[in-house]
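J.: So that we are looking at the same thing, I have put the structure below in C-alpha cells.
The values are calculated or read from the model by the stated rules, or taken from the named source; none is laboratory data. These figures come from a predicted structure and were not determined experimentally. Please note: Cβ atoms are built from the backbone with ideal geometry, for glycine as well, and neighbour counts cover all protein chains shown.
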Amino acid sequence: MKNITDMKKIFFATALLISANAIGQDFHLSQYDASVQYLNPALTGIYFKEKTDYRINANYRQQWRALTSNPYTTFSGAYDMKYKDKYGIGAFLINNRSGVGNFNTLSFLASGAYRIADDENGPHNLTVGLQMGLFYKSFDPNKFTYDNQYSESADGFDVSIPSGESFSKTGIVRFDANLGAFYKYIDESKDYSPFLGFSVFHITKPNESFTSYKSKMPMHFILHGGCDVKVNDNLKLIPTVLYMNQSKAYDLNFGLSGWYRIKDTDAEVMLGLNYRWKDAIIIQAGYKQDQHIFRISYDVNTSYLNAFSGGKGGLEFSLILCGKKGEPLFKPVSRIN
C-alpha cells in the first residue's frame, strides 16, 4: 500500500485545486495579452498602427502536472479582422479541461468592436466591444471513485464495483455575453503610448448548475493597462498590470517585457517577467518575424501549493499570425542562386 502521508498530501492538494476551480475565477492565461478577445472584446479587429487586416491566434496551456496524472489544460483559437474603417469582427473558441472527472468547459463566442475615436483625428483611441455566444460544460462521472467502491481485498478502490450513483445531467449549454472598452494614446512625436482597458464577462449570469438547484455564474471583471515605451530604434519596453475579480476571488499580475529588434532585419526577440500576486513568477520569451509572433512562458509556483508542486507550475505557448488582404500570409523565402 502507498505511504498514507503521501496519499493525504496528494488528496489535499487535488481537492484544493478542484474547489478553487469550482468557486474561483475563470481559467486564466499567463500570456493574457496574446489572446485579446479573451481579455477584452473591444480589441477585436483593432490593430492601431500595425499594418494588418486580419489576425489568427492560438494558445495552449498545461498546469499542475506535478499533482495529477491528468493535468489541467487550456486551448484557445481565434480569428478577427478589420471591417470598413471603424469596425472589427471576429470569433474565438476556448476549451478548458480540469483534472479529475474531466470537468470540461467549451466556449464559442462571436465578437464585434467599434472605434469611437481613432488616431486619424488626434492621439486618442477609444473602442468598445461586445461578445455573445454559448458555452458547454460537462463532466464524466465514471472518472470518479465512490465510497461503496472501496474494497479491502483490492487494497483500495475497485472501479469495477458499481458506484450506485446516478446523474440526471452531465452536460449543460448556456448563453453568455461580455462587454469591454479600451483606450490608447498614440502620438508619433512621443516615445510612450499608455493604454487602459476594462471588460466585464458573464453579464447574463448564466445558470451553471447540473442540478435543479440554480447557481448563477458570477460576473468576471478585468482591468488591464500598461505603456509602450520606446527606448531607442531597436528597443521597446512594455510595463503592464492586470487585475481580475470574480465573486470573492481576485488575481493581480505585474509584468515587464522587452522587445529588441535584431539589427538589419525585421525580426525581434522578446524577454519578459511577470509576478502573479501570491501565486507565481512567470518567465516569458518570444520571437517576432514580420507581424508573426511566437511566445513561450513558464509559471514558477510561489503559493502554499509549492509544498506539493515543488515550484512547478504551468507551461504555455502562443502563436499570433497577422496578414494583409491579397497578400500571402507568409512571405516567400528568397533563394540565393
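J.: If you take the residues in the range 241-254 that are hydrophobic (A, V, I, L, M, F, W, C), touching a residue at least 24 places away in the same chain (Cβ under 8 Å) and surrounded by fewer than 19 Cβ atoms within 10 Å (Cβ to Cβ), which one is nearest to Ile320 (Cα to Cα)?
T.: Of the range 241-254, the ones hydrophobic (A, V, I, L, M, F, W, C) are 241-242, 244, 249, 252, 254.
With the extra rule that they be touching a residue at least 24 places away in the same chain (Cβ under 8 Å), the set shrinks to 242, 244, 249, 252.
Then keep just the ones that are surrounded by fewer than 19 Cβ atoms within 10 Å (Cβ to Cβ); that gives 249, 252.
Details: Ala249: 30, Leu252: 25 Å.
Restricting to residues being hydrophobic (A, V, I, L, M, F, W, C), touching a residue at least 24 places away in the same chain (Cβ under 8 Å) and surrounded by fewer than 19 Cβ atoms within 10 Å (Cβ to Cβ), the top hit is Leu252.
J.: In this structure, is Tyr150 over 23 Å from Val36 (Cβ atoms), surrounded by 14 or more Cβ atoms within 10 Å (Cβ to Cβ) and at pLDDT 70 or above? Show your work before the answer.
T.: On the way: over 23 Å from Val36 (Cβ atoms): yes; surrounded by 14 or more Cβ atoms within 10 Å (Cβ to Cβ): no; at pLDDT 70 or above: yes.
No: the conditions fail for Tyr150.
J.: Does the range 190-216 hold any residues that are buried (at least 19 other Cβ atoms within 10 Å of the Cβ) and either in contact with a helix residue (DSSP H, G or I) (Cβ under 8 Å, 6 or more places away or on another chain) or at pLDDT below 95 (or both), and which are they?
T.: Correct list: Gly197, Ser199.
J.: Where the second residue is surrounded by 13 or more Cβ atoms within 10 Å (Cβ to Cβ) and among the basic types (Lys, Arg) and the first is in contact (Cβ under 8 Å) with a residue 24 or more places away in the chain and lies in the range 119-143, which pairs have Cβ atoms under 6 Å and are six or more apart or on separate chains?
T.: The qualifying pairs are Asn125/Lys184; Thr127/Arg115; Phe135/Arg174.
J.: Same structure, new question: Answer yes or no as to whether Ile296 is within 21 Å of Leu319 (Cβ to Cβ) and surrounded by 18 or more Cβ atoms within 10 Å (Cβ to Cβ). Please lay out each step first, then the result.
T.: Values: within 21 Å of Leu319 (Cβ to Cβ): yes; surrounded by 18 or more Cβ atoms within 10 Å (Cβ to Cβ): no.
When the stated conditions are applied, Ile296 does not pass them.
J.: Do we have Lys190 as charged (D, E, K, R), closer than 22 Å to Glu50 by Cβ and more than 22 Å from the chain's Cα centre (by Cα) here?
T.: Details: charged (D, E, K, R): yes; closer than 22 Å to Glu50 by Cβ: yes; more than 22 Å from the chain's Cα centre (by Cα): yes.
Yes, satisfied.
J.: Here's another thing I want to ask about it. Quick one: in the range 264-275, which of the residues that are at pLDDT 95 or above and not small (Gly, Ala, Ser) is nearest to Asn234 (Cα to Cα)?
T.: This residue is Glu268.
J.: I'm checking my understanding of the structure. Among residues of the range 255-293 that are small (Gly, Ala, Ser) and surrounded by 15 or more Cβ atoms within 10 Å (Cβ to Cβ), which one is farthest from the chain's Cα centre (by Cα)? Full working, then the answer.
T.: Of all residues in the range 255-293, those small (Gly, Ala, Ser) come to 255, 257-258, 267, 272, 280, 285-286.
Filter again for surrounded by 15 or more Cβ atoms within 10 Å (Cβ to Cβ), leaving 255, 257-258, 272, 280, 286.
Working: Gly255: 16, Ser257: 18, Gly258: 21, Gly272: 17, Ala280: 15, Gly286: 17 Å.
Among residues in the range 255-293 that are small (Gly, Ala, Ser) and surrounded by 15 or more Cβ atoms within 10 Å (Cβ to Cβ), the one farthest from the chain's Cα centre (by Cα) is Gly258.
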